[in-house]
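The values are calculated or read from the model by the stated rules, or taken from the named source; none is laboratory data. On a predicted model such as this, the values are computed, not experimentally measured, just so you know. Ideal geometry is used to build each Cβ from the backbone, glycine not excepted, and the neighbour counts take in all protein chains shown. What goes into the accessible areas is simple: the full protein's heavy atoms, side chains included, and nothing from ligands, DNA or RNA. Shrake-Rupley method; radii C 1.70, N 1.55, O 1.52, S 1.80 Å.
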Amino acid sequence: MGNSGIFAYIEYGKQSNFTTAVAVGGATRAYGLDQKVTSFSINENKIDLGDLNSPLIQKYAFGNFEGSLGVEWVLSNPWIFDSVLGNAASTGAAGDFTHTYDDSKTVNAFTTELGFDAETTDRVIQIQRQTTRLLTISAAMNETVKTRGDFQFGATPTTAGTTLDASITAEDVGSQFAYTMVYSTLENPSGTALAEVQSFELTMNPNIRMIYEPNSENAVAAYKGRLDLSGRFVLSVKDNTWWNNIRARAEPTNNTIRLAFSNDLTLTNEKAILITLTGLGLGTLNIPIDQYELVTEEIPFTARDIQVIANNGTSLPP
């Protein structure tokens, strides 16, 4: 008899430096609500060695260790943003706190613990030296706001653990709220909501690269390249604003877009995540037209800069 995903758990924590893993059972964060592991693979870069005078493989050699992890969850806390933008500046008091993430050159590494209560021997994997390749936030009508993380990692223990975490990290009540499109707005400029937005998507790519060195199969460090910010949104055709913006072949005057997620409460009861993108680059527009459907236009965009501000009841990121 096999076991399903209800026998598994996932949790993660920020490492103090690139090579020092979070201890087994020491993870302090949940990715969010409704977590799913969409992909998990490792590659030992095995090399098959043949030889003259034989049609057979003679031996195997092994190169760098590489790993890939995909996780999907409902956006419900802001903590993952430090995997792309660097550490938050936190302010506030008495249950009303603000966490500001600005783009930086800092590379934060993480350890994800993936545990599975198997039928005979439990399996616990410490996914170490993990960094973010892509972070995508998307939403559509009558759906939750989905977050997808595409992660790379540079090390794991060579043998799987067998002791499951007896106290699995759950969502922090002080920061957690399950956002849907009902609790979301797309604003241009910031503070002015666009009407009849049907869907949106934002992808952040910090272009983090792993560094390897001789005499070790594991990554020993990582560095950032250019922060690439891209996305798209779909809204009903109201006027010629977006057509004219794109045909102008220049950065628009209202060159900010803000994705605002809020539980619509205030002070100590507020849970909000505000993602402000500045320096819009527009160049394409798509308008499908069906005789019986809403006429919409899809606006892809890029941005030059980003800031994320989160308000919640948690004093510091876990």
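If the condition is being open to solvent by less than 30 Å² (accessible area, probe 1.4 Å) and either of a type in the set (Ser, Thr, Tyr) or over 20 Å from the mean Cα position of the chain (by Cα) (or both), then segment 109-141 contributes Thr111, Thr112, Gly115, Ala118, Val124, Thr131, Thr132, Thr136, Ser138.
Considering segment 164-174, the residues that are modelled with pLDDT under 80 and not acidic (Asp, Glu) include one that is least open to solvent (accessible area, probe 1.4 Å), namely Gly174. Within segment 75-108, the set of residues being open to solvent by 10 Å² or more (accessible area, probe 1.4 Å), hydroxyl-bearing (Ser, Thr, Tyr) and in a loop (DSSP other than H, G, I, E, B) comprises Ser104, Thr106. Scanning segment 148-163 for residues that are open to solvent by 80 Å² or more (accessible area, probe 1.4 Å) and free of Cβ contacts under 8 Å to residues at least 40 places away in the same chain yields Thr158, Thr159.
Any idea which residue in segment 264-275 is farthest from Met181 (Cα to Cα), counting only those that are in contact with a strand residue (DSSP E or B) (Cβ under 7 Å, 6 or more places away or on another chain) and part of a loop (DSSP other than H, G, I, E, B)? Don't jump to the end; show me each part of the working.
Just the residues of segment 264-275 that are in contact with a strand residue (DSSP E or B) (Cβ under 7 Å, 6 or more places away or on another chain), to begin with: 267-268, 270-275.
With part of a loop (DSSP other than H, G, I, E, B) added as a condition, the list becomes 270-271.
Numbers: Glu270: 17, Lys271: 15 Å.
Restricting to residues being in contact with a strand residue (DSSP E or B) (Cβ under 7 Å, 6 or more places away or on another chain) and part of a loop (DSSP other than H, G, I, E, B), the top hit is Glu270.
Going through Gly5, Gly63, Gly50, Gly86 one at a time, which residue ends up being modelled with pLDDT under 95 and farther than 25 Å from Thr163 by Cα?
Answer to the check: Gly86.
Can you tell me which of Glu213, Glu297, Glu293 is more than 20 Å from Asp82 (Cβ to Cβ) and in contact with a strand residue (DSSP E or B) (Cβ under 8 Å, 6 or more places away or on another chain)?
Glu297
Scoring Glu213 on the criteria (1) touching a residue at least 12 places away in the same chain (Cβ under 8 Å); (2) open to solvent by 30 Å² or more (accessible area, probe 1.4 Å); (3) under 30 Å from Thr20 (Cα atoms) leaves a single failure, condition (1).
The condition (being farther than 19 Å from Gly13 by Cβ, in contact (Cβ under 8 Å) with a residue 60 or more places away in the chain, among the β-branched types (Val, Ile, Thr) and in contact with a helix residue (DSSP H, G or I) (Cβ under 9 Å, 6 or more places away or on another chain)) is satisfied by just one residue among Val74, Val145: Val145. Of all residues in segment 239-253, how many are open to solvent by less than 80 Å² (accessible area, probe 1.4 Å) and either hydroxyl-bearing (Ser, Thr, Tyr) or under 18 Å from Ala193 (Cα atoms) (or both)? The number of residues fulfilling the criteria is 4.
Among the candidates Thr91, Thr100, Thr111, single out the residue that is among the β-branched types (Val, Ile, Thr) and either over 28 Å from Asn207 (Cβ atoms) or in contact with an Asp or Glu (Cβ under 9 Å, 6 or more places away or on another chain) (or both).
Selected residue: Thr91, the only one of Thr91, Thr100, Thr111 that is among the β-branched types (Val, Ile, Thr) and either over 28 Å from Asn207 (Cβ atoms) or in contact with an Asp or Glu (Cβ under 9 Å, 6 or more places away or on another chain) (or both).
Scanning segment 17-39 for residues that are small (Gly, Ala, Ser) and surrounded by 14 or more Cβ atoms within 10 Å (Cβ to Cβ) returns Ala21, Gly25, Gly26, Ala27, Ala30, Gly32. With respect to the stated conditions, Pro252 fails to be under 17 Å from Thr136 (Cα atoms) and of a type outside the set (S, T, N, Q).
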